[in-house]
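Asks: Got a structure for you, questions after.
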Amino acid sequence: MIKLEEKNARMAMIRKYLAAETILAEEAALVQYYQTHHIDEEEKAIAQLLAVTHPSRNLLSDDSAREFDRIVRGKDRICRSRRIVFRAGFFAVGAVAAGLAILAFLHKPEPSTIDTVQILNGLKAMMELEINDIESITARPDGNAAILTVTLEDGSEKYYRMTIDEDKGTTSFASLITD
């Protein structure tokens with residue numbers, strides 16, 4: 001073994017250490033030397049480097065193992081609680097989506113609110129307009145309105161959308177433009 005009390009021997013070991021050619025026992029000997037001897041200014045930086053790279057306490061001690069286990073258990077508990085929150089959120093989103101799907105399935109379109117009597121009254125109102133060249137009028141219910149097809153004597157057809165406002169007691173016709 002090299003005598004580290006001699007400066008030349010220490011400097012040779014430091015060069016070997018910096019070239020990554022030392023074994024753990026040689027590095028431990030350097031650490032031991034710098035912990036028990038006075039350090040020159042020119043060796044202070046290497047002593048600090050060795051102190052950082054080779055801590056004095058045994059990292060494989062029972063205390064270190066217990067600390068490692070405590071940290072890992074804590075992270076495991078955090079991960080577990082995050083998984084629980086994620087699962088609960090996932091199920092909540094799924095429940096909302098299922099509820100919306102059920103509502104969409106159960107929602108029935110609004111039934112036609114225009115009845116036959118209203119259509120006949122609308123046709124009567126159309127006939128009262130005294131358009132002389134009407135050959136026929138047909139009506140097809142369309143939700144709360146009716147689509148009227150007016151066939152003229154020359155064979156052409158015109159289309160109207162008839163709506164009835166019972167509150168106001170009015171019947172409206174809107175001409176539908178076709179090409």
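Asks: Kindly list, by first and then second residue, each pair from a residue in the range 1-28 that is free of Cβ contacts under 8 Å to residues at least 60 places away in the same chain to a residue that is exposed (fewer than 10 other Cβ atoms within 10 Å of the Cβ) and not β-branched (Val, Ile, Thr), limited to pairs with Cβ atoms under 7 Å and residues at least 6 apart or on different chains.
Replies: Qualifying pairs under 7 Å: 9/3.
Residue by residue, here is whether (1) hydrophobic (A, V, I, L, M, F, W, C); (2) modelled with pLDDT under 80; (3) at positive phi holds:
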{"site": "113", "(1), (2), (3)": "no, yes, no"}
{"site": "120", "(1), (2), (3)": "yes, yes, no"}
{"site": "142", "(1), (2), (3)": "no, yes, no"}
{"site": "156", "(1), (2), (3)": "no, no, no"}
{"site": "177", "(1), (2), (3)": "yes, yes, no"}
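Asks: Going through the range 1-24 one residue at a time, which ones are over 19 Å from residue 37 (Cα atoms) and in a loop (DSSP other than H, G, I, E, B)?
Replies: Those that are over 19 Å from residue 37 (Cα atoms) and in a loop (DSSP other than H, G, I, E, B): 19, 20, 21, 22, 23.
The values are calculated or read from the model by the stated rules, or taken from the named source; none is laboratory data. Note that the structure is a prediction, hence the values are computed from the model and not measured. Please note: Cβ atoms are built from the backbone with ideal geometry, for glycine as well, and neighbour counts cover all protein chains shown.
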